[in-house]
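The values are calculated or read from the model by the stated rules, or taken from the named source; none is laboratory data. These numbers come from a predicted model, not from an experiment. FYI the Cβ positions are ideal-geometry reconstructions off the backbone, even for glycines, and counts take in every protein chain you see.
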Amino acid sequence: MTDIRLTQYARGGGCSCKIPPGELEAVLATFLPLDPGPTGTNGAHDPHGEQAAPDAALLIGLEHGDDAAVVRIDGDRALVSTVDFFAPVVDDPYDFGRIAAANALSDVYAVGGEPLVALNLLGWPRDLLPMELAHEVLRGGLDVARQAGCAIGGGHSIDDAEPKYGLAVTGLADPARLLRLDAGRPGLPLSLSKPLGAGVLNSRHKATGEVFPEAIASMTTLNRDAARAAIGAGARCATDVTGFGLLGHLFKLARASGVTAVVDAAAVPYLAGARRAVRDGYVSGGTRRNLAWVSPRLDGGRVAEEELLLLADAQTSGGLLVAGEVPGAMVIGELVPAGEQALIVR
């Protein structure tokens with residue numbers, strides 16, 4: 001079984017398999033609220049064309065594409081709900097399980113919550129791959145969930161054409177201390193808690209079998225400490241950087257907050273080998289689609305295409321991107337008053 005390469009049983013891998021953001025927004029447009037209201041409450045579209053009554057309990061919903069849904073329980077408690085799964089991004093089944101679990105848990109941390117319980121989501125080609133490998137995937141997910149203090153309460157599995165794994169996670173948050181996309185303000189610095197480059201390194205791994213321990217360590221690191229540090233520093237605006245790349249997720253944040261985001265390209269940290277992987281052509285289709293999506297609202301100045309591709313690199317289990325200065329994170333830019341473009345890279 002040690003000779004089996006999981007990545008060869010999937011067309012893509014990790015968060016680069018996401019439906020392109022432009023296509024996804026077109027599909028979801030019918031369901032977006034007409035007026036989110038002054039307090040951030042939701043009024044979702046009925047699929048038959050009538051707007052549903054606003055739900056005052058829904059604090060974060062579909063309108064901006066935040067990382068998780070948040071529903072008020074009472075004055076100081078809110079329930080956080082999210083789900084995430086994908087095909088293998090690495091060949092080792094245990095590492096695949098750890099990465100997928102850390103990625104799913106990240107959505108809870110990205111809105112300022114703490115995970116409580118999760119359910120496994122497993123798709124497995126049982127006629128192609130031994131169930132012993134599925135066991136290792138589940139073991140990896142369980143170990144990361146235990147590290148997060150999150151119980152695994154079962155889940156659901158199907159016989160699938162490709163191996164897939166992830167979690168549906170439920171957590172708790174303080175309604176007064178949420179991290180959300182629409183709370184960015186001009187003058188706030190932008191902080192990034194993990195280096196970029198996992199996407200191009202994963203593409204190289206899939207193509208060549210080369211293993212990148214630094215990338216695996218980054219993808220299996222929980223965003224728990226970064227989220228707690230952000231909340232402790234008074235931050236109220238954040239997202240995590242996953243399949244839409246830094247530029248894609250930053251564009252969503254800037255658009256929701258009504259600001260322009262400025263990125264200092266020289267300040268952005270990268271994993272070892274990421275630049276070489278781009279130069280050698282290991283760029284996923286998802287990364288190129290990310291860059292194409294933001295390009296109409298991007299002022300890239302004289303920044304080289306290689307740099308822009310790295311900034312748009314489709315990450316898996318990436319770091320937190322926070323509007324505010326966070327201890328331990330790298331300041332990579334700032335938010336400024338809204339201008340002609342939503343993104344500026346200099």
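The set of residues in the stretch 184-197 being in a strand (DSSP E or B), among the hydrophobic types (A, V, I, L, M, F, W, C) and over 21 Å from L105 (Cα atoms) consists of L190 alone.
For A226, state whether it is in contact (Cβ under 8 Å) with a residue 40 or more places away in the chain and not assigned by TED's automatic domain parsing to the domain that holds D107. Against the criterion (in contact (Cβ under 8 Å) with a residue 40 or more places away in the chain and not assigned by TED's automatic domain parsing to the domain that holds D107), A226 qualifies.
Among the residues of the stretch 270-290, is there at least one that is more than 12 Å from L192 (Cβ to Cβ) and either free of Cβ contacts under 8 Å to residues at least 12 places away in the same chain or not assigned by TED's automatic domain parsing to the domain that holds A215 (or both)? Scanning the stretch 270-290 turns up at least one residue that is more than 12 Å from L192 (Cβ to Cβ) and either free of Cβ contacts under 8 Å to residues at least 12 places away in the same chain or not assigned by TED's automatic domain parsing to the domain that holds A215 (or both).
Checked against the criteria, A261 counts as hydrophobic (A, V, I, L, M, F, W, C) and in contact (Cβ under 8 Å) with a residue 40 or more places away in the chain.
Filter the stretch 146-183 for residues that are under 21 Å from K252 (Cβ atoms), hydrophobic (A, V, I, L, M, F, W, C) and assigned to a strand (DSSP E or B) and give the result. Listed by number, the residues that qualify are V169, A173. Taken together, the residues in the stretch 200-220 that are surrounded by fewer than 20 Cβ atoms within 10 Å (Cβ to Cβ) and either touching a residue at least 12 places away in the same chain (Cβ under 8 Å) or not in a helix (DSSP H, G or I) (or both) amount to 5.
For A292, state whether it is surrounded by fewer than 24 Cβ atoms within 10 Å (Cβ to Cβ) and small (G, A, S). So A292 passes the test.
A quick yes/no check of all residues on (1) of a type in the set (S, T, Y); (2) at negative phi; (3) exposed (fewer than 14 other Cβ atoms within 10 Å of the Cβ):
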{"residue": "A266", "(1), (2), (3)": "no, yes, yes"}
{"residue": "Y282", "(1), (2), (3)": "yes, yes, no"}
{"residue": "L308", "(1), (2), (3)": "no, yes, no"}
{"residue": "L320", "(1), (2), (3)": "no, yes, no"}
{"residue": "L335", "(1), (2), (3)": "no, yes, no"}
{"residue": "V345", "(1), (2), (3)": "no, yes, no"}
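Within the stretch 83-122, the residues that satisfy the criterion of being among the hydroxyl-bearing types (S, T, Y) and under 15 Å from the mean Cα position of the chain (by Cα) are S106, Y109.
Quick one: is G248 out of contact with any Gly (no Cβ under 9 Å at 6 or more places or on another chain), surrounded by fewer than 24 Cβ atoms within 10 Å (Cβ to Cβ) and modelled with pLDDT of 95 or more? Here the answer is no, as G248 does not meet what is asked.
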